[in-house]
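Derivation of every value follows stated rules applied to the coordinates shown; laboratory data play no part. Worth saying up front: this structure is predicted, and the values here are computed from it rather than measured.
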Amino acid sequence: MLTQKELEDFQNKLLDRRVQIEKNLRGTSTELEEMRNLELKDEADYASASAESAVETAILEQLRKELNELELALDKIRKGTYGICEMCEEEIDKLRLDVKNFARFCITCREINEKEMS
């Protein structure tokens, strides 16, 4: 069971990461908007901007997914269920939470879940 201090530490890490992601989302959105407003002179410019746009869009998608995971983890802290595996309802190892603060599954259940998803 996580101590109150450990929970506070995880909450602070999650909140810090949320601030960073929100900043990155704003920056990436601004870059995409600027690219849309560029006057492209030829097909090479268009191809380059299009490729950059696709990468930026993929980054935005990944950041949004991580932000959702962070929000779920913060909600679990508030509800007192943080660090509990969503499948087996056992505690998630603290070392795993150190690596992935918003982990929803213990290692065993994560592997089962990934096999079922593929």
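Using alpha-carbon pairs under 8 Å, 6+ residues apart, how would you state the relative contact order of the chain in percent?
26
What 222 nm value per residue comes from the helices of the chain, counting each DSSP H run with n ≥ 4 as -39,500 (n - 2.57) and dividing by all residues, nearest 500 deg cm²/dmol?
Here the helix-only value at 222 nm equals -25500 deg cm²/dmol.
In the Gaussian network model of the chain, springs joining C-alpha atoms below 10 Å, which of Ala51, Ala73, Ala103 carries the largest mean-square fluctuation?
Of Ala51, Ala73, Ala103, the Gaussian network model singles out Ala51 as fluctuating most.
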